[in-house]
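Peer 1: Got a structure for you, questions after.
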Number of protein chains: 2
Amino acid sequence: MQLIQYPAQQQWAALQQRAAAQQAQDVEQRVQQIFEAVRQRGDAALLEYAQRFDGADLASGLRVSPEELAAAVTQVPSELQTAIRQAHANIWKFHATQREEEKQVETMPGVSCWRRAVPVQRVGLYIPGGTAPLFSTLLMLGVPARLAGCPEVVLCTPPQPDGSVNPVILFTAHLLGIDTIIKAGGAQAIAALSGGTESVPGVDKIFGPGNRYVTAAKQLATRYGVAIDMPAGPSEVLVIADESANPVFVAADLLSQAEHGPDSQVILLSDSLTVLEQTQAEVQRQLAALPRAAVATQALTESRAILLRTPEEMLYFSNQYAPEHLILAVRNPEELAEGVTSAGSVFLGHLTPEAAGDYASGTNHTLPTNGYARNYSGVSLDSFFKKITFQRITAEGLLHVGPVVEIMAEAEGLQAHARAVTLRLDAIHSASSTPTASARPAAHS
Amino acid sequence: MQLIQYPAQQQWAALQQRAAAQQAQDVEQRVQQIFEAVRQRGDAALLEYAQRFDGADLASGLRVSPEELAAAVTQVPSELQTAIRQAHANIWKFHATQREEEKQVETMPGVSCWRRAVPVQRVGLYIPGGTAPLFSTLLMLGVPARLAGCPEVVLCTPPQPDGSVNPVILFTAHLLGIDTIIKAGGAQAIAALSGGTESVPGVDKIFGPGNRYVTAAKQLATRYGVAIDMPAGPSEVLVIADESANPVFVAADLLSQAEHGPDSQVILLSDSLTVLEQTQAEVQRQLAALPRAAVATQALTESRAILLRTPEEMLYFSNQYAPEHLILAVRNPEELAEGVTSAGSVFLGHLTPEAAGDYASGTNHTLPTNGYARNYSGVSLDSFFKKITFQRITAEGLLHVGPVVEIMAEAEGLQAHARAVTLRLDAIHSASSTPTASARPAAHS
């Protein structure tokens, strides 16, 4: 970690800089080819890619069978099953509080407006495979999808070389009641979800992390009218530590971020030089014992420990940086939290490690990176809903709001808009002035 | 309007097709050049473009002065002022109901999670100029921006040839308390908002409609880390009319959509051939009297009147099409509305013209087009917020959730994550076994 003491304000922007995103042209071109192949040849292309990229022969089919699903459950240690069930319960509980009730409001007498949360009808969840299957991400996406009531949930995850899918992924999918599970990974999975193939249903919105091929594929999917959860980038943490912070804990939190990947972003702010120095020493000590020490070491070369003067300065720096994860390792974290304007998720106090939110406390771990916390929220129940507005106007209501609309539409030069109101007002007036009013269609409201 | 009777299901996809978006390469290149010029030369470039594209000499500055703002108010007829104030009140009332209260939830004893809506700090509103200034759109964007409490709101709108801004736009801005008003239009305005210039503050999120240059510029802005409200396309309406519908009203609604532009999309569904035929005749009759008849006529050539068999069929067709506006001109609109899964905004009954929602009923008129109602919501209070999650865990809480995190992190091969918990649990255990526990930092929660 680089230690920087009291940098001048004009240096801050440079210190807040993330490593430039590698937007390799060849990645985009490769992904485009994969999209074309999948859109043209469907399942056949997916089978070829499984052979080529995953070394898997999927002659028995692209979809996980009910038997495979049932068998997987028996392969997961019961201790892990219990842990996943507990995390599921916590995530469910927190996301359930995000439900909004439908509120009908009369803006004027007879003018009723309301908004209804309607689930996105078809969602696709992408879960990377490899040595460390991210079943936690499946929980983070699957729970709100289920809570929202999305009628169709499709899971794509790459096959292992023997053609199977990691059993913990399958156990988690089973727990979530997801039974459309496709053995496809990488850009080809995203291509399949965005247009559909014989075996893979096309979807309206795609969620989930992945490597740069998957990220490029998700961007490409948006050109086919498919929505995605959010722009993706390397994971990041910013820790604000005052003199009450425990350097052992702070170091552990920095390392748990750094182990994600060599491009993970780690920033530590403190108004105590002692805390900064002790934390640096602790990082070195704990690093030695980590299996993923090589990855973490690489991430730490680019990371910064910065000495600032006051809590206000640290908060200001953090809000400008807009970190994905923000840890407030300070004496009065609630007070500091009040001033947070840009962050994905915030962890308060010395006993709240980011790892808790990554797995099991209940909050979502799919969060905006790369400064997008300035303008995006993390995944939540909302991400699986559209909010549709509704309105109903009665004859009385149109007498109130109609003239307002007529005047405004005329002023915008949109006479047909005005007339859609005028013709109805005429009908209401003539209906109310004739005794047979109720028989005229114009009097319906 | 083309009349299609009882089309077979396999024809539906073709009938739901929108006109292909014109993604002219030269537009993109032109916009890229404008971005580069504005990013390099700032205000100087904006002044040149104002001269070239708007014919306006802005020697007196790019920003609207307090004097200009004050003078504008006197130029707006009092009847129009009153109408705008009423619309403002209705939009405010409806959007205020979208406020969510912060709910803290204990997912396990000692594990508290909550979510806070924090305003996007800097938002840019783009309002096109020209002959018909869209002050209604300024209301639709400005009201939720104000309700959300966005600290910085920047309005860009093109100058008129005399260097002034349309007084109704200024009146509306004044009503909204927006005083950062920039005389800049087109792609150059979006470029300025996305990076900032000497006179124009850079923003985090850009809202507002525009021509294809503005649309391309908003897409380009996303590459600079700026968020946008939603993908834009031509406006559209789908009307479901049963035999109770009044052809005069239905025709007026179709025309109020068609007058927007030659590429407006208009679809009418009915299970009554009489209603379809009478509506077609009414469209011709009303068209004759419209100032924008030429535009509407062109839009209507591509529009369709489709005879289907049942309300269920009509609803299914509409959900597949996912219209921006959906009018339910039927006897029991509430019943049909229950089944709407994809639409931007829905208008129930014979006396609820789309024009009411366009201007003054209270709902937002910035809505997803081009089928994006399948996966996007219209602009709402949410669009001006980020939802940040927070959590605080006590020693008791970590004893509950910690072991769950340790097991899951180990199973994902992320040992540093597990260790961030283990080190804290160790400290809690050793603190509780020593009498001096309270003096140790590890015991802070």
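Peer 1: Checking the structure you have, find out if any residue of the stretch A:107-119 is at pLDDT below 95 and more than 17 Å from A:SER383 (Cβ to Cβ).
Peer 2: Step one: of the stretch A:107-119, the residues at pLDDT below 95 are none.
No, the conditions are met nowhere in the stretch A:107-119.
Peer 1: Restricting to the stretch A:304-323, name every residue that is in a loop (DSSP other than H, G, I, E, B) and either within 13 Å of B:ARG392 (Cα to Cα) or open to solvent by less than 10 Å² (accessible area, probe 1.4 Å) (or both). Steps first, answer last, please.
Peer 2: Narrowing the stretch A:304-323 to residues in a loop (DSSP other than H, G, I, E, B): A:308-310, A:322-323.
Within the stretch A:304-323, A:LEU308, A:ALA322, A:PRO323 meet the criteria.
Peer 1: Test of understanding: among B:THR172, B:THR180, B:THR197, which residue is modelled with pLDDT of 95 or more, crowded, with 23+ Cβ neighbours inside 10 Å and assigned by TED's automatic domain parsing to the domain that holds B:ARG122?
Peer 2: Numbers: B:THR180 fails: crowded, with 23+ Cβ neighbours inside 10 Å; B:THR197 fails: crowded, with 23+ Cβ neighbours inside 10 Å.
That would be B:THR172, the only listed residue that is modelled with pLDDT of 95 or more, crowded, with 23+ Cβ neighbours inside 10 Å and assigned by TED's automatic domain parsing to the domain that holds B:ARG122.
Peer 1: Can you tell me which residue is nearest to B:ALA420 (Cα to Cα) among those in the stretch A:290-300 that are more than 8 Å from every other protein chain (Cβ to nearest Cβ) and surrounded by fewer than 19 Cβ atoms within 10 Å (Cβ to Cβ)? First the steps, then the outcome.
Peer 2: Just the residues of the stretch A:290-300 that are more than 8 Å from every other protein chain (Cβ to nearest Cβ), to begin with: A:293-295, A:297-300.
Within this subset, residues satisfying the condition of being surrounded by fewer than 19 Cβ atoms within 10 Å (Cβ to Cβ) are A:293-295, A:297-298.
On the way: A:ALA293: 15, A:ALA294: 18, A:VAL295: 17, A:THR297: 17, A:GLN298: 19 Å.
The residue in question is A:ALA293.
Peer 1: Shifting gears a bit: Tell me, please, whether a residue that is on the phi < 0 side of the Ramachandran plot, among the small types (Gly, Ala, Ser) and surrounded by fewer than 18 Cβ atoms within 10 Å (Cβ to Cβ) can be found in the stretch B:264-285.
Peer 2: So the first thing to find is which residues in the stretch B:264-285 are on the phi < 0 side of the Ramachandran plot, and the list is B:264-285.
Narrowing the set further to residues that are among the small types (Gly, Ala, Ser) leaves B:264, B:270, B:272, B:281.
Okay, now just the ones that are also surrounded by fewer than 18 Cβ atoms within 10 Å (Cβ to Cβ), so B:272, B:281.
Looking for residues that are on the phi < 0 side of the Ramachandran plot, among the small types (Gly, Ala, Ser) and surrounded by fewer than 18 Cβ atoms within 10 Å (Cβ to Cβ), one finds at least one in the stretch B:264-285, hence yes.
Peer 1: If I ask for residues that are without any contact (Cβ under 8 Å) to a residue 12 or more places away in the chain and exposed (fewer than 13 other Cβ atoms within 10 Å of the Cβ), which ones from the stretch A:45-55 would you list?
Peer 2: Correct list: A:ARG52 only.
Peer 1: Now, a different point. Out of all the residues in the stretch B:241-258, which are charged (D, E, K, R) and either more than 20 Å from B:LEU326 (Cβ to Cβ) or surrounded by fewer than 23 Cβ atoms within 10 Å (Cβ to Cβ) (or both)?
Peer 2: B:ASP242, B:GLU243
Peer 1: I'm checking my understanding of the structure. Among residues of the stretch B:202-214 that are part of a loop (DSSP other than H, G, I, E, B) and open to solvent by less than 30 Å² (accessible area, probe 1.4 Å), which one is farthest from B:GLY42 (Cα to Cα)? Show your work before the answer.
Peer 2: Residues of the stretch B:202-214 that are part of a loop (DSSP other than H, G, I, E, B), as a first pass: B:202-204, B:208-211.
Pick out the ones that are also open to solvent by less than 30 Å² (accessible area, probe 1.4 Å) and you get B:202-204, B:208.
Working: B:GLY202: 11, B:VAL203: 15, B:ASP204: 18, B:GLY208: 22 Å.
My answer is B:GLY208.
Peer 1: Another question about this same structure. Scan the stretch B:383-431 for residues that are open to solvent by 10 Å² or more (accessible area, probe 1.4 Å), assigned to a helix (DSSP H, G or I), more than 7 Å from every other protein chain (Cβ to nearest Cβ) and in contact (Cβ under 8 Å) with a residue 60 or more places away in the chain and jot them down.
Peer 2: We begin by selecting, within the stretch B:383-431, every residue open to solvent by 10 Å² or more (accessible area, probe 1.4 Å); these are B:383, B:385, B:387, B:389, B:392, B:394-396, B:399-400, B:403-404, B:406-407, B:410-411, B:413-415, B:419, B:422-423, B:425-430.
Narrowing further to those that are assigned to a helix (DSSP H, G or I): B:383, B:395-396, B:399-400, B:403-404, B:406-407, B:410-411, B:415, B:419, B:422-423, B:425-430.
Then drop every residue that is not more than 7 Å from every other protein chain (Cβ to nearest Cβ), which leaves B:383, B:396, B:399-400, B:403, B:406, B:410, B:422, B:425-430.
B:SER383, B:GLU396, B:LEU399, B:HIS400 - these are the residues of the stretch B:383-431 that are open to solvent by 10 Å² or more (accessible area, probe 1.4 Å), assigned to a helix (DSSP H, G or I), more than 7 Å from every other protein chain (Cβ to nearest Cβ) and in contact (Cβ under 8 Å) with a residue 60 or more places away in the chain.
Peer 1: Now for a separate question. If the requirement is being touching a residue at least 12 places away in the same chain (Cβ under 8 Å), under 29 Å from B:GLN265 (Cβ atoms), among the aliphatic types (A, V, I, L, M) and open to solvent by 20 Å² or more (accessible area, probe 1.4 Å), which of these qualifies: B:ALA189, B:ALA232, B:ALA217, B:ALA221?
Peer 2: Only one candidate qualifies: B:ALA232.
Peer 1: Taking A:GLN284 as meeting all but one of (1) in contact (Cβ under 8 Å) with a residue 60 or more places away in the chain; (2) more than 25 Å from B:ARG122 (Cβ to Cβ), write down the number of the exception.
Peer 2: (1)
Peer 1: Working only within the stretch B:330-360, note down all residues that are closer than 28 Å to A:ASP204 by Cα, more than 9 Å from chain A (Cβ to nearest Cβ) and not in a helix (DSSP H, G or I). Steps first, please.
Peer 2: Within the stretch B:330-360, the subset closer than 28 Å to A:ASP204 by Cα is B:333-348, B:354, B:357-358.
Those left that are additionally more than 9 Å from chain A (Cβ to nearest Cβ): B:335-336, B:338-339.
Scanning the stretch B:330-360 gives B:GLU338, B:GLY339.
Peer 1: For B:GLN121, only one of the following conditions fails: (1) more than 30 Å from B:GLY397 (Cβ to Cβ); (2) more than 8 Å from chain A (Cβ to nearest Cβ); (3) of a type outside the set (A, V, I, L, M). What is its number?
Peer 2: (2)
Peer 1: Any residue at all in the stretch A:74-95 that's in contact with a Ser or Thr (Cβ under 9 Å, 6 or more places away or on another chain), assigned to a helix (DSSP H, G or I) and either hydroxyl-bearing (Ser, Thr, Tyr) or more than 30 Å from B:GLN98 (Cβ to Cβ) (or both)?
Peer 2: yes
Conditions (1) closer than 30 Å to B:ALA337 by Cβ; (2) crowded, with 24+ Cβ neighbours inside 10 Å; (3) over 16 Å from the mean Cα position of the chain (by Cα), marked per residue:
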| position | (1), (2), (3) |
| --- | --- |
| A:ASP57 | no, no, yes |
| A:ALA87 | no, yes, yes |
| A:GLU106 | yes, no, yes |
| A:ILE127 | no, yes, no |
| A:PRO133 | no, yes, yes |
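Peer 1: Additional query: Kindly establish whether B:GLU100 is surrounded by 13 or more Cβ atoms within 10 Å (Cβ to Cβ), in the same structural domain as B:PRO201 (by TED's automatic domain parsing) and without any contact (Cβ under 8 Å) to a residue 40 or more places away in the chain. Outline the logic, then answer.
Peer 2: Details: surrounded by 13 or more Cβ atoms within 10 Å (Cβ to Cβ): yes; in the same structural domain as B:PRO201 (by TED's automatic domain parsing): yes; without any contact (Cβ under 8 Å) to a residue 40 or more places away in the chain: yes.
Yes.
Peer 1: Go through (1) among the aliphatic types (A, V, I, L, M); (2) farther than 17 Å from B:ALA189 by Cβ; (3) in contact (Cβ under 8 Å) with a residue 12 or more places away in the chain and name the single condition B:ALA8 misses.
Peer 2: Status for B:ALA8: all satisfied but (3).
Peer 1: I would also like to ask the following. Which of the following residues is aliphatic (A, V, I, L, M) and outside any helix (DSSP H, G or I): A:ALA50, A:ALA45, A:ALA59? Full working, then the answer.
Peer 2: Numbers: A:ALA50 fails: outside any helix (DSSP H, G or I); A:ALA45 fails: outside any helix (DSSP H, G or I).
Testing whether each residue is aliphatic (A, V, I, L, M) and outside any helix (DSSP H, G or I) leaves just A:ALA59.
Peer 1: Evaluate the following for A:VAL237: is it crowded, with 23+ Cβ neighbours inside 10 Å and hydrophobic (A, V, I, L, M, F, W, C)? Spell out how you get there, then give the answer.
Peer 2: Values: crowded, with 23+ Cβ neighbours inside 10 Å: yes; hydrophobic (A, V, I, L, M, F, W, C): yes.
Yes: the conditions hold for A:VAL237.
Peer 1: For the stretch A:371-382: of the residues being open to solvent by less than 30 Å² (accessible area, probe 1.4 Å) and part of a helix (DSSP H, G or I), which is nearest to the other protein chains (Cβ to nearest Cβ)? Before you say what the answer is, go through the steps one by one.
Peer 2: So the first thing to find is which residues in the stretch A:371-382 are open to solvent by less than 30 Å² (accessible area, probe 1.4 Å), and the list is A:371, A:373, A:375, A:378-381.
From the residues that got through so far, the ones that are part of a helix (DSSP H, G or I) too are A:373, A:381.
Numbers: A:ALA373: 7, A:LEU381: 10 Å.
Applying the filter and picking the extreme gives A:ALA373.
Peer 1: Now a separate question. Counting only residues that are surrounded by fewer than 13 Cβ atoms within 10 Å (Cβ to Cβ) and at pLDDT below 95, how many does the stretch A:20-42 have? It would help to see each step written out before you state the result.
Peer 2: Taking the stretch A:20-42 and keeping what is surrounded by fewer than 13 Cβ atoms within 10 Å (Cβ to Cβ), we get A:20, A:22-26, A:29, A:33, A:36, A:40.
From what is left, the residues that are at pLDDT below 95 are A:20, A:22-26, A:29.
Within the stretch A:20-42, residues that are surrounded by fewer than 13 Cβ atoms within 10 Å (Cβ to Cβ) and at pLDDT below 95 number 7.
Peer 1: Okay, next question. Tell me, please, whether a residue that is at pLDDT 95 or above and under 16 Å from A:ILE178 (Cβ atoms) can be found in the stretch A:43-56.
Peer 2: no
Peer 1: Is it fair to say B:ALA305 is among the aliphatic types (A, V, I, L, M), without any contact (Cβ under 8 Å) to a residue 60 or more places away in the chain and more than 14 Å from chain A (Cβ to nearest Cβ)? Outline the logic, then answer.
Peer 2: Details: among the aliphatic types (A, V, I, L, M): yes; without any contact (Cβ under 8 Å) to a residue 60 or more places away in the chain: no; more than 14 Å from chain A (Cβ to nearest Cβ): yes.
Judged against the criteria, B:ALA305 is not a match.
The values are calculated or read from the model by the stated rules, or taken from the named source; none is laboratory data. For clarity, every value in this text was computed on a predicted model and none was experimentally measured. As a convention, Cβ positions derive from the backbone with ideal geometry for all residues, glycine included, and neighbour counts pool all protein chains shown. Accessible surface areas use protein heavy atoms only, side chains included; no ligands, DNA or RNA. Shrake-Rupley method; radii C 1.70, N 1.55, O 1.52, S 1.80 Å.
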